[in-house]
1. For residues that are open to solvent by 20 Å² or more (accessible area, probe 1.4 Å) and assigned to a strand (DSSP E or B), scanning just the stretch A:123-135, find the one that is nearest to A:Glu38 (Cα to Cα).
2. Give the residue that is nearest to the chain's Cα centre (by Cα), with candidates limited to residues of the stretch A:136-155 that are open to solvent by less than 50 Å² (accessible area, probe 1.4 Å) and within 14 Å of chain B (Cβ to nearest Cβ).
3. Hey, can you tell me all the residues within the stretch A:34-61 that are among the charged types (D, E, K, R), surrounded by 15 or more Cβ atoms within 10 Å (Cβ to Cβ) and over 9 Å from the mean Cα position of the chain (by Cα)?
4. Tell me, which residue of the stretch B:74-97 that is of a type in the set (Val, Ile, Thr) and open to solvent by 50 Å² or more (accessible area, probe 1.4 Å) is farthest from A:Ala149 (Cα to Cα)?
5. Just need a number here: residues in the stretch B:32-47 that are among the polar types (S, T, N, Q), more than 10 Å from chain A (Cβ to nearest Cβ) and open to solvent by 40 Å² or more (accessible area, probe 1.4 Å).
6. Residues in the stretch A:164-179: is at least one buried (at least 20 other Cβ atoms within 10 Å of the Cβ) and touching a strand residue (DSSP E or B) at 6+ places or on another chain (Cβ under 9 Å)?
7. Which one is nearest to A:Gly143 (Cα to Cα), of the residues in the stretch A:28-43 that are in contact with a Leu (Cβ under 8 Å, 6 or more places away or on another chain) and part of a helix (DSSP H, G or I)?
Amino acid sequence: MLLYQIKDIVREHFGRMGIPTAILDLALAEGRKLIEHESNFWWMEAEATFNLVVDQADYDIAASGGEITIPNFKDAQALFWRTTGTTFWDPVAFGELTKDDLDLLYNTDSEGSPEAAYLQNKKLYIYPPAPQLTYDMKLYYWGYTSNPAGNTTAADELTNNWGMALVYSALIWGYEIYLKDMQGATYWRGLLGGQPFGKGGEIAKLKRENLKRGWRSRMVLVPHQGPGRINFQRLTNMQLYPRR
Amino acid sequence: MADDVIEKTPAEVIKYTKDFTDLLPNDTTIGTSAASALKSDGTSASILGSVTDSGMIVTVPINATTDGEDYTVTIQAPGGSSGETREWVLEVRTRATLRGSL
């Protein structure tokens with residue numbers, strides 16, 4: 001659906017004069033956040049590039065004014081680095097150690113290419129903390145998204161294929177905040193997320209779709225130990241056939 | 001928040017009139033009135049004709065608009081003698097198929 005169609009559906013529940021457009025826009029914006037709080041969904045994926053500064057250890061993530069420009073940052077996925085001018089990226093260990101562990105592992109003047117990183121609120125700490133080159137960095141992250149700018153602007157994933165989720169979430173906000181109708185809001189909340197919230201409704205469908213898309217991007221081999229241990233085989237002797 | 005809301009089809013041309021007598025009680029005429037229109041994404045929209053006024057009534061022609069768009073039209077009327085300037089915000093919703101009482 002285009003945004004104006006979603007607006008018209010929501011308006012019909014309040015009366016087309018019953019809700020000011022400014023309030024409706026707020027309901028839709030907060031409704032989208034209500035959905036995106038539930039998980040890191042595929043349409044929220046993005047990447048940002050930046051360069052390290054010589055001898056600088058921390059980098060602010062901000063919509064503007066920070067070293068890493070990301071509006072509405074939500075969560076980090078992975079961090080890569082490369083020497084400027086090269087064509088290959090290398091991974092940075094991200095989120096595997098806590099900041100206090102990393103502060104113990106590295107001297108405050110340790111130099112070298114990025115080996116580890118830690119995200120504290122919206123500040124990214126790079127280790128070793130005194131890089132001697134302006135390495136290229138690429139941060140893969142999830143960010144909160146916004147509704148299309150205009151009524152007839154091309155729809156995004158949420159408005160195009162999951163429009164009713166946005167309708168339900170906007171109605172929850174409108175019924176609670178604008179109409180003060182908690183019973184009505186509860187009804188729409190059930191359609192959006194089921195009971196308990198997030199385990200049913202449109203949110204559950206979104207999470208299942210998110211899981212399907214996530215599985216395609218990585219394969220993890222987990223050796224079993226204990227009573228359920230299986231016989232190990234050398235990988236060179238084993239054919240792996242990923243199921244489509 | 002809009003002071004008034006109207007619906008129109010994309011091809012309709014409407015002359016919207018607003019009497020500023022209540023908003024400018026100390027005036028009997030209007031100075032140089034003006035009107036501007038914005039689309040839902042905040043950009044300027046070229047949907048208005050030439051604004052005219054007679055006495056305290058301002059007339060704003062609204063020309064062809066895009067289906068699905070919600071326009072915010074701001075009509076500005078300076079009082080002829082009071083020194084006051086009042087604005088009237090009109091929301092124009094363009095729908096080819098969704099009609100009926102608001």
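The values are calculated or read from the model by the stated rules, or taken from the named source; none is laboratory data. Note that the structure is predicted; figures quoted are calculated from it, not measured. Neighbour counts run over all protein chains shown; Cβ positions are idealised from the backbone, glycine included. Areas reflect the complete protein model, heavy atoms only, side chains present, ligands, DNA and RNA absent. Shrake-Rupley method; radii C 1.70, N 1.55, O 1.52, S 1.80 Å.
1. So, considering only residues that are open to solvent by 20 Å² or more (accessible area, probe 1.4 Å) and assigned to a strand (DSSP E or B), the one nearest to A:Glu38 (Cα to Cα) is A:Lys123.
2. The extreme case among them is A:Asn147.
3. Listed by number, the list holds a single entry, A:Glu38.
4. To start, the set of residues in the stretch B:74-97 that are of a type in the set (Val, Ile, Thr) comprises B:74-75, B:85, B:89, B:92, B:94, B:97.
Checking the rest, the ones that are also open to solvent by 50 Å² or more (accessible area, probe 1.4 Å) come to B:85, B:97.
Numbers: B:Thr85: 31, B:Thr97: 23 Å.
Going through the qualifying residues, I end up with B:Thr85.
5. The first filter runs over the stretch B:32-47 and keeps only residues among the polar types (S, T, N, Q), leaving B:32-33, B:36, B:40, B:43-44, B:46.
The next check asks that each one be more than 10 Å from chain A (Cβ to nearest Cβ); those that pass are B:32-33, B:36, B:44, B:46.
Next, only the ones that are open to solvent by 40 Å² or more (accessible area, probe 1.4 Å) stay: B:32, B:36, B:44, B:46.
Matching residues across the stretch B:32-47 total 4.
6. No: the stretch A:164-179 contains no residue that is buried (at least 20 other Cβ atoms within 10 Å of the Cβ) and touching a strand residue (DSSP E or B) at 6+ places or on another chain (Cβ under 9 Å).
7. A:Trp43
Matching residues to (1) free of Cβ contacts under 8 Å to residues at least 24 places away in the same chain; (2) over 26 Å from A:Met17 (Cα atoms); (3) not in a helix (DSSP H, G or I):
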site	(1), (2), (3)
A:Ala149	yes, no, yes
A:Ala155	no, no, yes
A:Ala170	no, no, no
A:Ala185	yes, no, no
